[in-house]
Amino acid sequence: MIGKIKNKLKEVNNRNLEQKRSDELYAIGALFDTPDEIMDAAGKTTEAGYEEFDVNTPYPVHGMDQAMKLKNTMVGKTTFIFGFLGTTAALLMIGWMSGIDYQNIIGGKPFFAIPPAIPITFELTVLLGGLATAGLMLTLFNRLPWINNPLHDTNYIKQTASDKFGLVIYAKDKNFNIATVEGFLQSIGGKSIEKINFFEVREDRVRTPIFDFKFIALLAVVTVVTAVTAYGILRYVLFLPPFDFMWKQEKVLPQEKSTFFADGFSMRPPVEGTVSRGYIPYEYQGLPDSVVTLLANPLPINAEVLAKGKQRFNTYCSPCHGYYGEGDSRLRGQFPNPPSLHTDKVRQWADGNIYHVITNGQNVMSSYAKQISRDDRWAIVHYIRALQRALNAKDEDLN
Amino acid sequence: MSFDSTYTRELPLVPERSSFKEIDDVIFRPVEEAPTRKWFIAITISSLALMIGAVALANTFYFGIGTWGNNSTVGWGFGIVNFVFWIGIGHAGTLISAILYLFRQRWRTGIARFAEAMTIFAVITAGIFPVIHTGRPWLAAYLIPYPNQNSIWVNFNSPLLWDVFAVSTYFTISFVFWSVGLIPDIAAMRDRASGIKKRIYTVLSLGWRNSNRHWQHYERAYLILAGLSTPLVLSVHTIVSFDFAVAILPGWHTTIFPPYFVAGAIFSGFGMVATVLIILRKVYDMEHIITLDHLEKMCKILLATGSMVGYAYCMEFFMAWYSGYIFEQFVFINRAFGPYAWAYWTMFSCNVIFPQLFWFKKIRRNIPIMMLLVILVNVGMWFERFVIVVTSLHRDFLPSSWAMFYPTWTDLALLLGSFGFFFTCVLLFVKVLPSISLAELKAVTENAQPTHKHHH
């Protein structure tokens with residue numbers, strides 16, 4: 001098994017990768033031995049009026065850009081532009097996210113301030129500047145990747161990658177002529193002069209491979225695989241153990257059935273006789289209202305109490321009794337209409353009796369002791385008294 | 001004006017005048033030849049350590065970080081200690097490749113590529129720890145400000161978020177810097193290789209053809225990347241120190257932390273680079289490229305940064321006394337004489353006292369003693385982070401909540417695993433990519449640059 005794989009690998013490794021070349025000439029190259037020679041050669045080539053030429057050296061030779069009369073590189077400006085873009089983007093991002101869109105009070109500090117934004121702004125400046133510098137240096141300025149450039153796989157390029165210094169003149173140069181160029185290269189001391197032809201599959205331009213069907217198909221496959229994986233993980237894998245520990249916990253939930261307690265409830269009732277904080281038991285609970293004689297309204301009559309009583313009355317009582325206690329229910333017959341609160345019977349009741357009805361309920365009306373606090377019930381009593389007096393106003397009330 | 005008068009050279013960078021072909025052969029030998037026995041032994045050990053770490057990691061993921069020694073008093077245990085330690089290791093790489101490049105310290109050439117690779121592996125190793133320390137690493141994406149269904153954004157006022165940006169930017173830019181440096185060397189390997197290797201190198205080299213029209217942009221970009229990396233490397237450990245300094249805890253809340261952390265980071269990083277280089281040059285017979293002179297210079301930097309760190313240790317005590325703040329004073333007395341005094345004095349002797357031996361030239365040029373000292377530096381710098389994290393936390397304002405931190409086997413296995421991961425990456429890197437920058441090294445050999453007799 002392993003032997004087979006080894007043989008296969010050997011076979012692949014020994015496969016001849018060299019592409020066939022066409023007859024059309026791409027360039028003529030010559031090799032030089034020392035940095036001084038190549039500097040000299042580059043200078044003479046520019047003097048001779050060649051423009052489409054290049055110098056290939058295993059490392060950057062100092063002063064070569066002057067000898068080749070190259071323009072200053074624009075890489076620095078690129079860095080500045082993209083670095084500045086990073087600064088702006090960071091400040092806008094932080095300003096909008098924490099200053100506008102998601103204002104969070106953290107230690108009473110301003111939502112957006114410059115000092116805490118500095119670290120991230122700096123990092124994003126460097127990040128964008130650095131990525132743009134490297135990326136654009138390779139792609140925009142150097143037109144890479146270009147792996148099928150005709151210079152590849154020639155003796156010329158292999159030598160210049162190691163210890164020789166090469167100068168190449170391209171056939172597209174306007175002064176190009178095979179015999180002259182060969183003669184010229186010899187005259188400036190070039191050795192191993194080599195004619196370099198195009199590959200049979202001619203790609204002398206940097207063709208953007210991103211529009212290749214294969215590349216687009218690869219992108220599509222990568223997209224689909226990534227999306228499906230991400231979806232699968234987020235939708236299924238994270239719901240499997242052990243990632244489900246947040247919602248599969250060893251505990252009983254409020255409405256769950258319990259097998260542990262005899263009554264089958266997981267919620268436990270309070271101990272017999274438990275009284276909630278602030279609750280005072282009502283001594284006439286469940287008794288007829290004739291028994292109620294000793295209850296007096298503890299609240300004073302003033303605007304505040306009446307306003308409270310009005311608010312509570314309108315919320316809890318008015319749906320059946322009507323806003324003025326006239327028994328005009330807004331429930332449109334879903335419940336039988338209650339009697340008016342302006343009958344003689346109710347008017348002659350003591351405050352305690354009204355309070356007792358609210359607390360204890362009467363006929364269809366149920367107890368409101370749970371919904372309305374004790375003081376609010378007394379406030380309602382005051383308000384009902386005010387309503388009663390308003391509908392039976394005497395002349396002196398107008399003063 | 002000759003080249004040599006512009007760049008004064010103290011000593012030849014590649015002493016025995018080697019031809020470029022010989023340099024190619026030496027540098028590409030580890031990559032092109034079958035791995036040696038030594039390499040296999042080394043990677044067996046490192047991957048064994050890695051596997052032990054992987055078991056501990058699985059244990060952590062399955063049972064949660066309750067398997068660690070952290071408790072409610074010492075909430076930051078080994079997780080943060082290891083994070084800060086490994087991030088610090090990374091700093092030497094950028095210092096060597098970027099800062100020394102800007103200062104025209106051309107002796108850096110032989111070790112820069114390797115140090116950069118170490119930076120990248122160290123930052124990856126470091127990045128693992130805060131992520132697993134969160135307890136739910138699969139939710140790490142919440143650290144990134146992305147529009148989410150809860151319509152909430154990250155807290156931009158938190159040093160922990162600055163840390164996320166700093167460390168990820170640092171990793172990205174270091175990786176870019178390293179990759180850009182690799183392109184010409186991979187192209188040189190491509191032109192020597194055949195078959196599948198050639199295909200891989202062809203793609204990785206992007207079709208680089210050593211053109212001087214390209215070198216022009218390339219060199220400028222390299223210079224700019226060095227310029228960007230320099231403030232970046234200083235910012236990263238500064239921001240890491242903010243994780244501590246912005247808190248109001250005595251022992252952490254000091255303004256000395258950023259420079260102190262940066263100096264410590266460079267110190268520990270150089271310790272690690274020296275440790276690995278001493279072994280590497282021996283294993284791959286690169287003694288004439290990574291020379292004793294290189295190592296001596298690294299020892300000098302260790303001496304300088306070690307003394308800076310020592311100054312910071314003393315200054316912390318002075319400030320605790322001078323502040324008149326009893327809680328601060330207690331923390332420092334507790335550090336030096338409390339239950340973790342052994343950790344404090346290990347740190348102090350390894351980082352401050354022993355490196356002082358580098359004042360002696362004999363010791364700077366003695367490989368076995370140097371090896372011992374740089375390993376002690378690594379130990380000391382790990383303990384520095386332990387002291388900062390654990391001794392500041394374990395006795396807080398309420399004596400009733402005082403507690404000790406005891407690492408569990410999971411903690412120790414994760415620490416071991418981090419070393420295993422780091423060294424496995426280093427060994428694989430040495431095997432598959434040139435660990436010395438070929439193009440840069442050629443450019444600084446004798447007679448590599450024109451004498452400029454024709455052009456001025």
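The values are calculated or read from the model by the stated rules, or taken from the named source; none is laboratory data. All figures in this text were calculated on a predicted structure; none of them were measured in a lab. Methodologically, a virtual Cβ is constructed for each residue, glycine included, from the backbone with ideal geometry; neighbour enumeration extends over all protein chains shown. Accessible surface is based on the protein model in full, side chains and every heavy atom, while ligands, DNA and RNA are left aside. Shrake-Rupley method; radii C 1.70, N 1.55, O 1.52, S 1.80 Å.
Mind checking which of A:L25, A:I94, A:M39 is farthest towards the positive end of region A:8-126's charge dipole, using Cβ charges of +1 (Lys, Arg) and -1 (Asp, Glu) about the Cα centre?
Ranked along the dipole, the leading option is A:I94.
Which of the peptides A:230-236, B:315-321 is most tightly packed, and how do the rest follow, judged by the mean count of other Cβ atoms within 10 Å per residue?
Final packing ranking: B:315-321, A:230-236.
For region A:289-398, what class follows from the C-alpha gyration tensor (a ≥ b ≥ c being the square roots of its eigenvalues): rounded when a/c is under 1.5, otherwise prolate if a/b is larger than b/c, else oblate? All intermediate terms of the calculation are to be shown ahead of the outcome.
Numbers: a/c = 1.34, a/b = 1.11, b/c = 1.20.
Because its axes are fairly even, with a/c under 1.5, region A:289-398 counts as rounded.
Say R0 is 60 Å: what FRET efficiency, to the nearest 0.05, do A:A369 and B:S168 get from their beta-carbon distance?
Approximately 0.45, to the nearest 0.05.
In nm², what is the average projected area of the convex hull enclosing the Cα atoms of region B:242-344?
If you wrap the Cα atoms of region B:242-344 in a convex hull and average its projections, you get 8.1 nm².
Mind listing the phi-derived Karplus ³J(HN,Hα) values for region A:250-262, rounded to whole Hz, using 6.51, -1.76 and 1.60 with θ = phi - 60°, and x for any glycine or proline?
3J(HN,Hα) across region A:250-262, in whole Hz: 7, 7, 9, 9, x, 9, 6, 6, 10, 8, 7, 8, 4.
Using +1 at the Cβ of each Lys and Arg and -1 at the Cβ of each Asp and Glu in chain B, identify which of B:S174, B:M381, B:V233 lies farthest towards the dipole's positive end.
Going by the Cα projections, it comes out as B:S174.
Go through A:K4/B:K198; A:K77/A:K158; B:K282/B:K442; A:K69/A:K164; A:K71/A:K172; A:K44/A:K174 and tell me which ones have a Cα-Cα distance over 26 Å in this structure.
From A:K4/B:K198; A:K77/A:K158; B:K282/B:K442; A:K69/A:K164; A:K71/A:K172; A:K44/A:K174, over 26 Å: A:K77/A:K158.
Give a residue-ordered list of calculated ³J(HN,Hα) values for region A:147-156 (Karplus: 6.51 cos²θ - 1.76 cosθ + 1.60, θ = phi - 60°; whole Hz; x for Gly, Pro).
My calculation for region A:147-156 gives 7, 10, 4, x, 5, 5, 6, 9, 4, 3 Hz in order.
For region B:351-403 and region B:40-84, what is the centre-to-centre distance using only Cα atoms, to the nearest Å?
21
If amide H atoms are built 1.01 Å from N in the plane of the peptide, which residues on other chains or at least 5 residues away come under 5 Å of the amide H of A:Y26?
Residues meeting the criterion, in which the H sits 1.01 Å from N, are A:I196, A:N197, A:F198.
For chain B, give the magnitude of the charge dipole about the Cα centre (Cβ charges: +1 Lys/Arg, -1 Asp/Glu; no others), in debye to the nearest 20. Working shown, then result.
Values: 33 positive and 25 negative charges, 208 e Å.
Dipole of chain B, to the nearest 20 debye: 1000 debye.
When Cβ neighbours within 10 Å are restricted to other protein chains, what is their mean count per residue of peptide A:69-81?
3
Assuming R0 = 56 Å, what is the FRET efficiency of B:N150 and B:I369, from their Cβ-Cβ distance, to the nearest 0.05?
0.45
Roughly how many debye, to the nearest 20, is the charge dipole of region B:325-447 about its Cα centre, given +1 on each Lys and Arg Cβ, -1 on each Asp and Glu Cβ, and no other charges?
Taking the Cα centre of region B:325-447 as origin, the dipole is about 460 debye.
Counting Lys and Arg as +1 and Asp and Glu as -1, each charge on the Cβ, what is the dipole of the protein assembly as shown about the Cα centre in debye, to the nearest 20? Provide the component values of the computation, followed by the final result.
Numbers: 75 positive and 66 negative charges, 232 e Å.
Computed about the Cα centre, the dipole is about 1120 debye.
In region A:21-199, carbon and sulfur make up what percent of the accessible area (probe 1.4 Å)? Each step should come with its number before you reach the end.
Numbers: 4770 of 7870 Å².
Roughly 61 percent, rounded to a whole number.
Under the definition of partner shielding as Cβ atoms of other protein chains within 10 Å of a residue Cβ, what is the mean value for peptide A:136-144?
The mean count of partner-chain Cβ atoms within 10 Å per residue comes to 6.
Just going by the charge dipole of region B:172-312, with Lys and Arg at +1 and Asp and Glu at -1 on Cβ, which of B:I224, B:P250, B:V309 is farthest out on the positive end?
B:I224
Students often check this: by mean Cβ neighbours within 10 Å, which of A:120-131, B:148-159 ranks highest, and how do the rest follow?
A:120-131, B:148-159
Enter the angle in degrees (range 0 to 90, nearest 10) between the Cα long axis of helix B:20-32 and the first principal axis of the Cα atoms of chain B, meaning the one along which they spread out most.
Between helix and principal axis, roughly 50 degrees.
Using the basic label-point model (7 angstrom from Cα toward the beta carbon), what is the A:R143 to A:A230 distance in nanometres?
If labels sit at A:R143 and A:A230, their model points lie 3.6 nm apart.
Computing the accessible area with a 1.4 Å probe over protein heavy atoms, can you report the carbon and sulfur percentage for region A:209-269?
Result for region A:209-269: 74 percent of the exposed heavy-atom area is carbon or sulfur.
Summarise the partner chain shielding of A:50-61 as one whole number: the mean count of Cβ atoms from other chains within 10 Å of each residue's Cβ.
6
In whole Hz, what ³J(HN,Hα) sequence does region A:369-378 give by Karplus (6.51, -1.76, 1.60; θ = phi - 60°), x for Gly and Pro?
4, 7, 7, 10, 5, 4, 5, 5, 5, 5
Take peptides A:82-92, B:169-179 and line them up by average Cβ neighbours within 10 Å, highest first, as a rough protection proxy.
The peptides rank, most packed first, as B:169-179, A:82-92.
Quick check: at a probe of 1.4 Å, how many percent of the accessible area of chain B sits on carbon and sulfur atoms?
Solvent-exposed carbon and sulfur of chain B make up 71 percent of the total.
Can you list the aspartates and glutamates whose alpha carbon is less than 18 Å from that of A:K248, not counting same-chain residues fewer than 8 positions off?
A:E256
Between B:Y142 and B:A58, what is the FRET efficiency for a Förster distance of 35 Å, r being their Cβ-Cβ separation, to the nearest 0.05?
0.95
For the pair A:F335/A:F239, report the inter-label distance in nm, with labels modelled 7 Å from Cα in the Cβ direction.
4.4
Points 7 angstrom from Cα along the Cβ direction at A:A303 and B:W345: gap in nanometres?
My value for the distance between the label points is 7.9 nm.
So if I take the centroid of the Cα atoms in region A:177-199 and the same for region A:343-399, what is the distance between those two points in Å?
Cα centres, region A:177-199 to region A:343-399: 116 Å.
Using square roots of five times the C-alpha gyration tensor eigenvalues, list the equivalent-ellipsoid semi-axes of region B:142-252 in whole Å, biggest first.
Sorted largest first and rounded, they come to 40, 18, 13 Å.
Given a 1.4 angstrom probe, what's the average accessible area per residue across chain A, in square angstrom?
Working: 24950 Å² over 399 residues.
Counting only protein heavy atoms, the per-residue value for chain A is 63 Å².
Report the relative contact order of chain B, percent, no decimals, based on alpha-carbon pairs under 8 angstrom and at least 6 residues apart. Don't skip to the end; give the middle numbers.
Details: 577 pairs, mean separation 150.1, N = 456.
Contact order relative to length: 33 percent.
Mind checking which aspartates and glutamates have their C-alpha under 19 Å from A:K214, skipping anything on the same chain fewer than 8 residues away?
A:E203
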